[in-house]
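The values are calculated or read from the model by the stated rules, or taken from the named source; none is laboratory data. Keep in mind the model is a prediction, meaning the values are calculated, not measured. In this analysis, Cβ positions are derived from the backbone assuming ideal geometry, glycine residues included, and neighbour counts consider all displayed protein chains. Just so you know, the surface numbers come from the protein's heavy atoms only, side chains and all, with ligands and any DNA or RNA stripped out. Shrake-Rupley method; radii C 1.70, N 1.55, O 1.52, S 1.80 Å.
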Amino acid sequence: MIAVPLGAVGNAPATIAPPWCGTPEPDAAGALPTSGTGAFAHIPYYAIKCTLDDIQARGIPGRMSTEQIGASALGRPMYLVTINALETESQQQAFENWRLMRKDALENPEKAQRELARIGDDFKVPIFIQGGIHGNETEGVDADMLLIERLATTPHGADPEVDRILDHVILLINIDQNPDGRALGQRANGFNFDLNRDFLTQSQSETKASVGIMQTWLPPDMLDQHGYVTPTLVEATTKPHNPGIDYDLWLKWNQSRIDANEAALHAVGLDITRPINDWCPNGSPPTPPATLCAGGVPPGPAVAEGWDDWGPFYTPMYLQLVGLNGSTVEMCNSIGTACGIPGSTTHDRGRLGSRTAQYTVAWSTLQFDLANRQDLMHDELEIYRRGVTDAPRPACCPAPFDVANNWMREYPEAYVIPLGAGQRSDPEANRLVEWLLFNGIKVSELKQPAMFGGQTFERGSYVVWMQQAHRGLAETALGIGDDVSSSISQLYAPPGAWSHGSLWGADVVTIPPEATFDAPSAEINKPSKLGGGVESGRAERYALEIDSATAVRTLNSLLKGGRTAQLATASFTSGGARYPAGTVLFPADVATKNALDAIGKDAGLTFQSVSGRLPALEAIARVPRIAVLTGAVNQDVWSLRNLGFQADPMSTTTINTAADDPLLSYDVIFSTANYPARTLATARTRLAAFFARGGGYIGAGLNGAGFLTNGGQVSGLTAANRTGAGRSGIVYWDNTSGSNSPIVGTYPSRDTMIVDPPTWFTAVPSAFSVDGRLPATGFFAAGLWLLDAQSASAPGSAVIAHGPNSAGTARLTVFANNPLYRADPEREWPAVSQAAYWGDQ
């Protein structure tokens, strides 16, 4: 462990200041006050690229590069700045030595470790810094601009600290992870997604760009710059710890690096918050003058909760699973003395103090990782070696972390993603494989059929063997997760479980630890090309089951292209096959057949030939037009658009004040909001008229149900939930209506859904049909939800239901939990879509 001095911020060149280059546009960061305690001119987004170009032009040639790595939700470019000095032969050789290790790191980490032993510390270590993931936490970007300028422009020999960094560090700075948020002055991106909850789902373009950096460079350490906590928090995470983390090695490096960060902050008069070291079970330190937690318990690792690394959807937690170390840095912002060490009166205050904190942590991290690079790289390679060699999980942990901090467990032998029999959707299996490959997870393909537990997997099915470098990420993505309800009292943030294997649209089978699974396979680098098109033979109609997001997109594309279709109102049999309610039927004329064949081959879907007696059919006039009751684009709007629906945000205020009734242009309402207040009389009148003329409804959550009751559309619909402490997770639900449900007819008898917070219906109208219920026992699969008195009505309760409004004029579907949550539970998207098609009739 080392402590390193700080290169003073005040000595950095002062050229990053107004007047700004670039084409001016409204910018919240640039509009922040420039006078008053701690105020300074923040660089607006529009000036970032041209300022970087200016720094590069003034800098030492070849030392700095800037590349566009993606674009934001609203199209603003994202930039990666790389500081990789190759001015001397020794710098070039150090970079080449890193490249040799990188080549073998994931495939043959033991060879890479031998190479490291040979070269010693004569290599460059990649370090990653990410600024501005929350757009209204601004000063990290400004600190990074100073850091870039110092490293790019300081002549060799003028600053020994700069020279040492340039000789043996590759610094990667994602200068602004959220350009939309910085310009708009908001936490979320332009689609109102919190990007720091998206690193497992990876729905947003900004997230994919950041993941690409980490997968390419495999940095062993990273900083994600945030605000604001008093005093500055450098992430030393509390329990629970994600089981996929090699916690013994992460703990070793996280604690020692933060020791260096703490010393550097103290050197400039700033204090630090270290959650696992300082906190109590309630998620905060003892209240002064007390030094003990409630009940007389000492604070610290054995009891601290409230700032955990359980979820893999934060940036540093993602890097824990693909690299080694990482921390969120929550800068302090106070114009008083609260950010400083006790007695300090001279430290930087306000937003200037925030910038100083970020710069100080970044600079001290660079110096610490530089000084310890050989051991740091060895331990990152050791994580990969453990994975490739199927090593058992290590012993952990040293005092004072030896109580309640080892959450590691053994991994399964493999996960199988079937193709054909046993798979609800082959296209969604391919979609999952694409995600795995993008994230550096090795996938193989069965070369002949294999069997396990009475199930036969067809040739071509996918296998994710867990003997691989990124086994921790594979486990956290494919496993259903762990029930931590009896072990902790709170999570920093939900959800408490997140499985692609249980929430996305493909079935995944777990091969448990030490199981015998004889399955010859070969590694692949892309998913297989699926068959599809129109089934051969005589047909009166062609059928498409809406069993996947791919099927929904395909149907919507056909409808937009002018193809006619009908919805089956009940299940039916044709040619010995059983088709569920909600199946979509197309005419068998030549033009339609050719269109179906082409799109089916492209999507990997087969349109089945059907003939004979059919149930009542209802015409699908067009792709349902959906009004989402929200003020701006959000996760719900984004998800519906992703499925090919016309989905538009519409606030109840807009409905109330628009000159003409905007609901006249829509067929279905989707809502997680309650019914408008009585003061919005016009909105209430227009909503009533919408349902009176047959408009459909999809509601989600407590408010989505309350909307119908408070709007007088139904009686007897009530819901309950269990909130607080991050309660959330994955539950099992039973398909109680089976194949005759127009909403969940394609679903198996038991399936999974995400809950945040856990919500259920305590009563449904007598005219409604219940499509899905929680089982009476054993329904909570993973996450945090210790059943208590407030949850007593949950077992056996309804969670999906549909039926008419009281007047019999409208079709309504309610989901107790939001099936569009964070654009993640893709397994639930067919049900939402079926609710839209059924509701628009």
Got a number for the accessible area of residue 569? Probe 1.4 Å, square angstrom, nearest 10.
50
Modelled FRET efficiency - R0 35 Å, residue 682 with residue 591, Cβ distances, 0.05 increments:
0.15
Output the pairs from 103/208; 560/593; 103/526; 111/526 with a Cα-Cα distance over 24 Å in this structure; if there are none, say none.
111/526
On the accessible surface of the chain, probed at 1.4 Å with all protein chains in place, carbon and sulfur together account for a percent value of 51
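Taking only C-alpha pairs under 8 Å that are 6+ residues apart, what is the relative contact order of the stretch 346-430 in percent? Spell out each step's value before the answer.
Working: 23 pairs, mean separation 9.1, N = 85.
So the answer I get is 11 percent.
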Taking the Cβ of residue 391 as the centre, find all other residues whose Cβ is under 13 Å away and add up their charges (Lys, Arg: +1; Asp, Glu: -1).
-2
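Rounded, prolate or oblate: which fits the stretch 383-441 when a ≥ b ≥ c are the square roots of the eigenvalues of the alpha-carbon gyration tensor, with rounded for a/c under 1.5 and prolate only if a/b beats b/c?
Cα axes put the stretch 383-441 in the prolate bin.
For every other residue with a beta carbon closer than 15 angstrom to the beta carbon of residue 684, add +1 if it is Lys or Arg and -1 if Asp or Glu, then tell me the sum.
With Lys, Arg at +1 and Asp, Glu at -1, the neighbours total +1.
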Using r as the Cβ-Cβ distance of residue 618 and residue 391, and R0 as 60 Å, what FRET efficiency do you calculate, to the nearest 0.05?
0.55
Can you give the accessible area per residue of the chain, in Å², using a 1.4 Å probe?
34
Any idea how far apart residue 291 and residue 661 come out in nm if each label point goes 7 Å out from Cα toward Cβ?
7.1
Shape call for the stretch 349-390 from the C-alpha gyration tensor, a ≥ b ≥ c root eigenvalues: rounded (a/c under 1.5), prolate (a/b greater than b/c) or oblate?
oblate
Between residue 34 and residue 337, 0.36 nm times their residue separation minus their Cα-Cα distance comes to what?
107.1 nm
Ranked packing of 732-739, 482-489, 253-260, 349-356, most packed first, by mean Cβ within 10 Å:
349-356, 253-260, 732-739, 482-489
Points 7 angstrom from Cα along the Cβ direction at residue 693 and residue 524: gap in nanometres?
4.9
Rounded accessible area of residue 103 (nearest 10 Å², 1.4 Å probe):
130
Shape descriptors of the stretch 605-744 over alpha-carbon atoms, Rg and Dmax in angstrom, are 17.7, 55
Most to least packed among 22-33, 206-217 [average Cβ atoms within 10 Å]
206-217, 22-33
Determine the percent antiparallel among the DSSP beta bridges restricted to the chain, to the nearest 5.
65
Using only helices, what value at 222 nm comes out for the chain when you add -39,500 (n - 2.57) per DSSP H run of length 4 or more and divide by the total residues, to the nearest 500 deg cm²/dmol?
-9000 deg cm²/dmol
What whole-number distance in Å separates the alpha-carbon centres of the stretch 78-132 and the stretch 371-389?
13
Local net charge near residue 238, Cβ-Cβ under 11 Å (Lys/Arg +1, Asp/Glu -1):
-3
Each label point is 7 Å from the Cα along the Cα-to-Cβ direction; what then is the distance between the points at residue 399 and residue 111, in nm?
4.4
Does anyone have the angle between helix 590-603 and the longest principal axis of the chain? Alpha-carbon axes, 0 to 90°, nearest 10?
30
Pop out the ³J(HN,Hα) list for the stretch 694-702 in order, Karplus 6.51 cos²θ - 1.76 cosθ + 1.60 with θ = phi - 60°, rounded to Hz; leave Gly and Pro as x.
x, x, x, 9, 10, x, 9, x, 4
Amide H neighbours of residue 340 under 5 Å, at least 5 residues apart or on other chains, H built in the peptide plane: list them.
271
Got a number for the accessible area of residue 96? Probe 1.4 Å, square angstrom, nearest 10.
70
Taking Cα atoms, the helix 681-692 axis meets the longest principal axis of the chain at an angle in degrees (rounded to 10) of 50
